[in-house]
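The values are calculated or read from the model by the stated rules, or taken from the named source; none is laboratory data. Not measured: the values here are computed from a predicted model. Glycine also receives a Cβ, built like all others from the backbone with ideal geometry; neighbour counts cover every protein chain displayed.
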Amino acid sequence: MRSPTDTATDTATQATAEAAEPRADATENGGSRLIVGPDVKLKGAEILDCDTLVVEGRVEATMDSRVIRIAEQGAFSGKVGIDVAEIHGKFDGELTARKQLIIHATGRVSGKIRYGKILIEEGGEVSGDVQSLNSVQAGRGDYDKQSGKDDKVKSLVASSN
């Protein structure tokens with residue numbers, strides 16, 4: 001029979017070994033990860049060489065990276081160029097999600113938003129200047145200041161005449 005001391009030692013050894021192992025999500029493809037925890041405010045930063053930013057607190061910054069995840073209580077304000085954005089909390093500013101923008105039910109996104117693909121869960125909110133990168137690259141969807149109409153609306157009106 002094993003003594004309580006042996007069991008405690010085994011548990012401590014296992015915990016130490018687990019802590020020493022690199023986490024798969026943090027080191028996937030040699031990536032780096034920055035976590036801004038709850039009650040932490042990061043202001044006026046330019047975030048460089050960070051593959052994944054996890055926002056649980058508040059961040060005011062600019063960033064160009066691979067992944068941003070904003071937790072339900074997290075908030076990001078600024079300019080972001082990203083491959084994948086996953087929003088549970090709040091984003092305000094200029095967001096370009098080159099591959100995918102995911103807005104969860106608790107997510108609120110506002111500002112100038114560009115995306116490759118978009119998924120908005122029921123309850124999620126998006127507002128502001130929102131366009132697909134495909135429509136921006138093709139030159140569609142631009143507001144014609146002279147006529148006061150969208151290009152898409154002009155083409156529908158023109159084809160119905």
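Taken over region 91-120, the criterion of being under 15 Å from Val55 (Cα atoms) and either at pLDDT below 95 or of a type in the set (S, T, N, Q) (or both) is satisfied by Thr106 alone.
Among the candidates Gln131, Gln100, Gln137, the residue that is within 15 Å of the chain's Cα centre (by Cα) and of a type outside the set (A, V, I, L, M, F, W, C) is uniquely Gln100.
A Cβ distance below 9 Å, combined with a sequence gap of six or more or placement on separate chains, defines the contacts here; from region 33-52, residues that are closer than 19 Å to Val67 by Cα and in contact (Cβ under 8 Å) with a residue 24 or more places away in the chain reach no residue that is among the β-branched types (Val, Ile, Thr) and part of a loop (DSSP other than H, G, I, E, B).
Each row is one residue, and each column tells you yes or no for (1) more than 19 Å from Leu42 (Cα to Cα); (2) surrounded by 14 or more Cβ atoms within 10 Å (Cβ to Cβ).
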site: Ala75; (1), (2): no, yes
site: Ile82; (1), (2): no, yes
site: Arg98; (1), (2): yes, yes
site: Leu119; (1), (2): yes, no
site: Gly123; (1), (2): yes, no
site: Asp129; (1), (2): yes, no
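If a residue must be within 15 Å of Leu101 (Cβ to Cβ) and touching a His at 6+ places or on another chain (Cβ under 8 Å), how many such residues does region 43-80 contain? The total comes to 2.
Here's the yes/no breakdown for (1) closer than 28 Å to Val136 by Cα; (2) of a type outside the set (Asp, Glu); (3) modelled with pLDDT of 95 or more:
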site	(1), (2), (3)
Ala17	no, yes, no
Glu28	no, no, no
Cys50	yes, yes, no
Gly74	no, yes, yes
Val80	yes, yes, yes
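Of all residue pairs spaced 6 or more apart or on separate chains, those with beta-carbon atoms under 9 Å, a first member in region 116-143 that is more than 16 Å from Ala85 (Cβ to Cβ) and a second member that is part of a loop (DSSP other than H, G, I, E, B) and at pLDDT below 95 are Asn134/Arg140; Ser135/Gly141; Ser135/Asp142; Val136/Asp142.
Please verify whether region 132-152 includes one or more residues that are among the polar types (S, T, N, Q), in a strand (DSSP E or B) and modelled with pLDDT of 95 or more. Please lay out each step first, then the result.
Of all residues in region 132-152, those among the polar types (S, T, N, Q) come to 132, 134-135, 137, 146-147.
Okay, now just the ones that are also in a strand (DSSP E or B), so 132.
The next check asks that each one be modelled with pLDDT of 95 or more; those that pass are none.
Scanning region 132-152 turns up no residue that is among the polar types (S, T, N, Q), in a strand (DSSP E or B) and modelled with pLDDT of 95 or more.
State yes or no: is Lys43 at pLDDT below 95, assigned to a strand (DSSP E or B) and either among the basic types (Lys, Arg) or in contact with a Lys or Arg (Cβ under 6 Å, 6 or more places away or on another chain) (or both)? Don't jump to the end; show me each part of the working.
Details: at pLDDT below 95: yes; assigned to a strand (DSSP E or B): yes; either among the basic types (Lys, Arg) or in contact with a Lys or Arg (Cβ under 6 Å, 6 or more places away or on another chain) (or both): yes.
In short, yes.
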